[in-house]
Amino acid sequence: MTDEAAKPDRYAARNRLLPPLVSQLVGYRPAWLKSDLAAGLSVAAVSLPSAIAYPAIAGLPIETGLFATIFSLVGYALFGPSRQVMVGPDTATCIMLAGVLAAAGVGQTDRVALTLALTVVVGLLCFVAGALRLGFLANFLSRPMLVGFLAGIALSLIIGQIERLTSVDIRSSGLVRPVVELFSRIGQVHLLTLGIGLATLAFLRVSRHLRPSLPASLVAIVVVTFISYAANLESRGVAVIGPLPSVAFQMHWPPLSEVLDVDLVGGALAMMLVAFGSGAVTARSFAMKAGSNMDADRELFGFGAANIFSGLFGGFPVTASDSRTAVNFAVGGRSQLVGLIAAATLAIIVLYIAGALAYLPTATLGAILVSAAIDLIDLRELRTLLRISRLEFCFALITMIGVAVVGVLQGVFIAIAATFVHLLWSSSHPRLALLGRIPGSAGLYKLHRYPEAEPIPGMTVVVLQSALVFFNTDFAKQRLLTIARAARKNCSWFILDAAAMNALDSTGIAALEEVRAILAENGIKFGMADLNSRARRLIDHAGMTDRVGADMIFTSAEAAVAAFEAQPSVTQPSQQPVSTDPS
């Protein structure tokens, strides 16, 4: 990164206590305005299609998408810490919103009012989480879970566009039943509507590969809208959006009773967690490209402001957008003036040329959503997961199937539960490794990784590669005793290398004491090496140091080996089998 590119981040660090936009403008150079203006116009161009198409996912009027896009950009521009991140409607959050609204079972008018309240609650939860410094919670949304979640969202979204692309009134729900219903009523497909949708989809997919810089969705909307108007496609049975209601930018305060509704808060919490998790991935990725750091807690305030502005002005929940952020980064936006310029551009479009959208076929919207859904399915990442870890690949599939089959909200909780189960299982099955020496080399090496390494005659050195706490002590104890049994014929010292043991509790100490006692009954001396200061203090307070012997507590595993080999004579180890019964 050049010095010129690095200066904005230095200014931001120097003025951290100022409002984010103000701190970005300190030291702002007039020459940067050209880049910000170009980036703002480009972001507006790629934002318009999603602003028009995404409300349909949740069954909301188009103007809610326009409001969400415009005012979320303003909110994040004022309070968001990143110079690169652009926010707006997102496929995953829109589908989650659809799930919350479906569970509420409200009519169209109440649906909009409930959406506004839900959006404000999402923003408030982001502020609360930021104030409590809970940005680290995004780390619990593992990469496999996010990959599976987005793939499941994509499948649900593709199935949801069948009616728009075919004009067949699909009444069933789920993943398979709508497809079965479509084939059973294949004769009712409106061929002209299907042709428009497939042609739009083909254009979008080909453009993405041949001309990725082209705003293909915007081009498709303009061209198909013109064709629809010129050929009067509505008279031929093609469904169009129809006239938009008059748009007025005004603030809407949701009733306090709705904001405090427990069911609403539950849905908002799930949306906030997933939206922030995916948004944090976007923010972190582009911060790395820009050579800066991502502050998760400050991003929570930025996302919170974006959602509160969106909700108060008639929009729905938003998060960071990969496509809009990528455009801003590629064009060279220098500050969040880009967001304000994009919002102003969209506002002018809404006020003066939105009437032309009345002729836009709904099949084109369906094709845009299907294309967006296809981009959510990361086959490369799924293949990578399969190659690296079949277990993590299975978690991605569980999440994907859960979201697609049982619903978005239920799928989110299934994904989170699966992640925690995986975390607990991994933590409760710590890895242990035997150490030995490579002839002619200093230090100790893991025997299973280095075939040329040899065990040390007369002693066993085991490294525990985990914390030793209450939920994994039984597994670790049994593994230590199993290793001792296998080496009992030529082992007089048994050393536990605690270099990687980053935590120890009273249950772990009790397990180590049990191992020490069993080994002592069989004539094997137990020792420990490289204990951290907290672990050493705990075993001192527990009296274990006296029972092990201060001479068997070593600063390192190498020191233990040196002490063993420095003995004038090595007592032959007991030939009795090691018992697992401490009594």
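For segment 308-315, the count of residues that are under 17 Å from Leu78 (Cβ atoms), in the same structural domain as Thr93 (by TED's automatic domain parsing), at pLDDT below 85 and crowded, with 20+ Cβ neighbours inside 10 Å is zero. In segment 266-307, of all residues being surrounded by 17 or more Cβ atoms within 10 Å (Cβ to Cβ), over 14 Å from the mean Cα position of the chain (by Cα) and farther than 19 Å from Gln336 by Cβ, the one that is modelled with the lowest pLDDT corresponds to Gly267. Name the single residue, out of those in segment 180-199 being over 13 Å from Gly237 (Cα atoms) and within 38 Å of the chain's Cα centre (by Cα), that is surrounded by the fewest Cβ atoms within 10 Å (Cβ to Cβ). If we take residues in segment 180-199 being over 13 Å from Gly237 (Cα atoms) and within 38 Å of the chain's Cα centre (by Cα), then Phe183 is surrounded by the fewest Cβ atoms within 10 Å (Cβ to Cβ).
So Phe203 fits all but one of (1) within 19 Å of Gly315 (Cα to Cα); (2) within 32 Å of the chain's Cα centre (by Cα); (3) aromatic (Phe, Trp, Tyr); what number is the exception? Condition not satisfied by Phe203: (1). When we screen Ile348, Ile353 for residues that are free of Cβ contacts under 8 Å to residues at least 12 places away in the same chain and under 14 Å from Ser47 (Cβ atoms), the only hit is Ile348. Taking the condition of being surrounded by 12 or more Cβ atoms within 10 Å (Cβ to Cβ), small (Gly, Ala, Ser) and under 27 Å from Ala476 (Cβ atoms), how many residues in segment 407-453 meet it? Final tally of qualifying residues: 8. Where helices (runs of 4 or more DSSP H) fall entirely within segment 140-226, those with at least 3 residues that are within 15 Å of Thr364 (Cα to Cα) are at 143-160, 162-166, 191-210. Checked against the criterion of being touching a strand residue (DSSP E or B) at 6+ places or on another chain (Cβ under 7 Å), among the polar types (S, T, N, Q) and either in a loop (DSSP other than H, G, I, E, B) or farther than 30 Å from Ala104 by Cα (or both), the candidates Ser466, Ser492, Ser441, Ser427 yield just one match: Ser492.
The set of residues from segment 368-406 being exposed (fewer than 15 other Cβ atoms within 10 Å of the Cβ), aliphatic (A, V, I, L, M) and over 28 Å from Arg205 (Cα atoms) comprises Ile388, Leu391. The selection criterion, being more than 22 Å from Ala415 (Cα to Cα), in contact (Cβ under 8 Å) with a residue 60 or more places away in the chain, within 21 Å of the chain's Cα centre (by Cα) and part of a helix (DSSP H, G or I), does not hold for Thr64.
Checked against (1) modelled with pLDDT under 95; (2) surrounded by 14 or more Cβ atoms within 10 Å (Cβ to Cβ), Ser569 passes all but condition (2). One residue alone among Ala306, Ala290 is in contact with a strand residue (DSSP E or B) (Cβ under 6 Å, 6 or more places away or on another chain) and touching a residue at least 40 places away in the same chain (Cβ under 8 Å), and that residue is Ala306.
Checking the structure you have, find out if any residue of segment 336-344 is farther than 28 Å from Leu101 by Cβ, buried (at least 24 other Cβ atoms within 10 Å of the Cβ) and under 25 Å from the mean Cα position of the chain (by Cα). Yes, some residue in segment 336-344 is farther than 28 Å from Leu101 by Cβ, buried (at least 24 other Cβ atoms within 10 Å of the Cβ) and under 25 Å from the mean Cα position of the chain (by Cα).
The values are calculated or read from the model by the stated rules, or taken from the named source; none is laboratory data. These numbers come from a predicted model, not from an experiment. Neighbour counts run over all protein chains shown; Cβ positions are idealised from the backbone, glycine included.
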